[in-house]
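> Okay, here's the structure, questions in a sec.
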Amino acid sequence: MAAIKAVHRAYTREGSLVVAVSPTGRQSAELLRKASEMVARLEIRPRGDGKNAISLLLPNGSRIVGLPGTEGAIRGFSAVSLLVIDEAARVPDVVYKALRPMLAASGGDLWMLSTPCGKRGFFYENWEHGGEEWERTAAPATERPRISQTFLEEERRQLGEIWFRQECLCEFVDNGLHMFDRHVVMGRWRRLRCWRFKLSAISYQLSAFMRLANVFCGVGFAAEAGFYGGGGGGTQRVASGEEVSASTFGENAAGHCIYEGGRAGVQDYGASGDSGGWAAGGGRDRGRRGRWWTCCGRRGSPGG
């Protein structure tokens, strides 16, 4: 079928480039051999293009080039009119991704033909989830008149049910080596990824909250009562162990107060003006042991 499609495109479209890819070079050569026989029936003498070992050049300037399914050996072709991937289920995904850009400039066609090979790879994904842009045609052996029912019954006995369904009925099946089918595992995995995304979002929010908590609450620090920042809205700190006899809030005192393990004496608020805030609410606060406290920017009178 791949050879027929390749010859039809090359013969009917002058100067077209047809690229045929198979899992191995031997398979591509076999495809080109079949294409050469068909060209000979058209009374055209088959010959190569002189540049590629596996190739066919027609009198109208069209070429058919056969390539192996090796990512490093297929690059360099562009403006491809028709890209045919034979036995596509056995061609690696990386090769498929390297082939697709060949159709960018020409807007060419892509044909993939294959016997299924498990529920994996680009052939399976495009068949099952590729969307409406793909036209799908299945041709199971049971619908071919030239294959006898006797042969098919013998194949079922010899191959077993799973391999018979894959090789003769064109079904995508698991190989039977796993405890669970792929669709069951993937369904659970999608749900797990959904929960993982939700947990990641919650974790991010908690992380952001903890960063704020470290600024405003100092979670985890068993500190002595510290030091109120004063004057002009800045923030002042007292290192651990320093002795501070007293600190005074002046007018328009700081908006932040941070304890950092210093031992403070009596904290006196200004007799007038706006205090930056309270630690534990007292107007006069003698070294209280505990966590950092937040400055509330609260307005009030001295005393408490």
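The values are calculated or read from the model by the stated rules, or taken from the named source; none is laboratory data. Computed from a predicted structure; not experimentally measured. All Cβ positions, even for glycine, are placed from backbone atoms using ideal geometry, and neighbour counts span all protein chains on display. These accessible areas exclude ligands, DNA and RNA; they are computed on the full protein's heavy atoms, side chains included. Shrake-Rupley method; radii C 1.70, N 1.55, O 1.52, S 1.80 Å.
> Quickly run through segment 10-23 and pick out the residues that are open to solvent by 10 Å² or more (accessible area, probe 1.4 Å) and either under 10 Å from residue 66 (Cα atoms) or assigned to a helix (DSSP H, G or I) (or both).
11, 12
> Would you confirm whether or not segment 141-152 contains a residue that is in contact (Cβ under 8 Å) with a residue 24 or more places away in the chain and of a type outside the set (S, T, N, Q)?
Looking for residues that are in contact (Cβ under 8 Å) with a residue 24 or more places away in the chain and of a type outside the set (S, T, N, Q), one finds at least one in segment 141-152, hence yes.
> Also: Just a yes or no: is a residue in segment 92-110 within 30 Å of residue 63 (Cα to Cα) and in contact with a Lys or Arg (Cβ under 7 Å, 6 or more places away or on another chain)?
Yes - at least one qualifying residue is present in segment 92-110.
> Now for a different question. Restricting to segment 62-97, name every residue that is open to solvent by 10 Å² or more (accessible area, probe 1.4 Å), touching a residue at least 60 places away in the same chain (Cβ under 8 Å), within 16 Å of residue 117 (Cα to Cα) and assigned to a loop (DSSP other than H, G, I, E, B).
If the condition is that a residue be open to solvent by 10 Å² or more (accessible area, probe 1.4 Å), touching a residue at least 60 places away in the same chain (Cβ under 8 Å), within 16 Å of residue 117 (Cα to Cα) and assigned to a loop (DSSP other than H, G, I, E, B), then 87 is the only one that fits.
> Does residue 104 count as within 30 Å of residue 52 (Cβ to Cβ), surrounded by 11 or more Cβ atoms within 10 Å (Cβ to Cβ) and small (Gly, Ala, Ser)?
yes
> For the list (1) more than 41 Å from the chain's Cα centre (by Cα); (2) assigned to a loop (DSSP other than H, G, I, E, B); (3) not β-branched (Val, Ile, Thr), I need the number of the one condition that residue 40 fails.
The single condition residue 40 does not satisfy is (2).
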